[in-house]
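Trainee: This structure is in structure tokens; I'll ask about it shortly.
The values are calculated or read from the model by the stated rules, or taken from the named source; none is laboratory data. Since the structure is predicted, the reported quantities are computational estimates derived from the model, not experimental observations. As a convention, Cβ positions derive from the backbone with ideal geometry for all residues, glycine included, and neighbour counts pool all protein chains shown. For the accessible areas, the whole protein counts, side chains as well, though only heavy atoms, and no ligand, DNA or RNA atoms are used. Shrake-Rupley method; radii C 1.70, N 1.55, O 1.52, S 1.80 Å.
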Amino acid sequence: MPDQDVRTVTGANKGIGREVAAGLAALGLTVLVGARDRCRAGEAAAGSVAAGGDAYPPSKAALNALTVQYAKALRADGIPVNAAAPGACATDFTKDLGSAYSITRTAAQGAAVVIRLATLEGDGPTGGFFDDEGPVRW
């Protein structure tokens with residue numbers, strides 16, 4: 001059985017991903033950092049947020065497909081795999097959007113749904129897409 005105390009967080013070098021990594025690390029989990037920028041990933045790991053990892057820039061559609069495929073492949077091992085919608089959060093990514101969008105959530109608020117999903121027991125939901133309220137249609 002794989003180690004259940006290890007989680008991988010893509011985009012863990014800033015914003016919501018960094019908050020997710022910090023939240024999971026605070027729960028005592030080992031966090032593997034994934035980021036597009038290896039230097040920033042190293043900085044996140046050096047900041048005691050997580051252990052280092054490789055980076056890749058998947059599109060959202062590819063990430064959704066991978067979520068479903070990993071969920072199917074890992075279901076028998078009791079490892080749930082899900083995708084999360086953190087909502088419109090104030091991060092470096094959204095700072096230049098101006099008043100055209102209503103961004104009222106913090107990165108920590110957006111990270112909460114991801115942390116909840118990343119700490120599900122092995123018999124929890126898998127292969128889904130979730131926000132704060134629960135399942136979201138793909």
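Trainee: Taking the range 79-138 as the region of interest, how many residues are in a loop (DSSP other than H, G, I, E, B) and either open to solvent by less than 50 Å² (accessible area, probe 1.4 Å) or of a type outside the set (S, T, N, Q) (or both)?
Mentor: Of the residues in the range 79-138, 28 are in a loop (DSSP other than H, G, I, E, B) and either open to solvent by less than 50 Å² (accessible area, probe 1.4 Å) or of a type outside the set (S, T, N, Q) (or both).
Trainee: Among the residues that make up the range 108-121, is at least one of them out of contact with any Pro (no Cβ under 8 Å at 6 or more places or on another chain), farther than 18 Å from G23 by Cα and basic (K, R)?
Mentor: Within the range 108-121, none of the residues are out of contact with any Pro (no Cβ under 8 Å at 6 or more places or on another chain), farther than 18 Å from G23 by Cα and basic (K, R).
Trainee: Which condition does A51 not pass, out of (1) out of contact with any strand residue (DSSP E or B) (no Cβ under 7 Å at 6 or more places or on another chain); (2) modelled with pLDDT under 70; (3) at negative phi, if it passes all the others?
Mentor: Checking A51 against (1) out of contact with any strand residue (DSSP E or B) (no Cβ under 7 Å at 6 or more places or on another chain); (2) modelled with pLDDT under 70; (3) at negative phi, the one that fails is (1).
Trainee: Continuing with this model, one more query. R105: touching a Cys at 6+ places or on another chain (Cβ under 7 Å) and modelled with pLDDT of 70 or more, yes or no?
Mentor: On the way: touching a Cys at 6+ places or on another chain (Cβ under 7 Å): yes; modelled with pLDDT of 70 or more: yes.
In short, yes.
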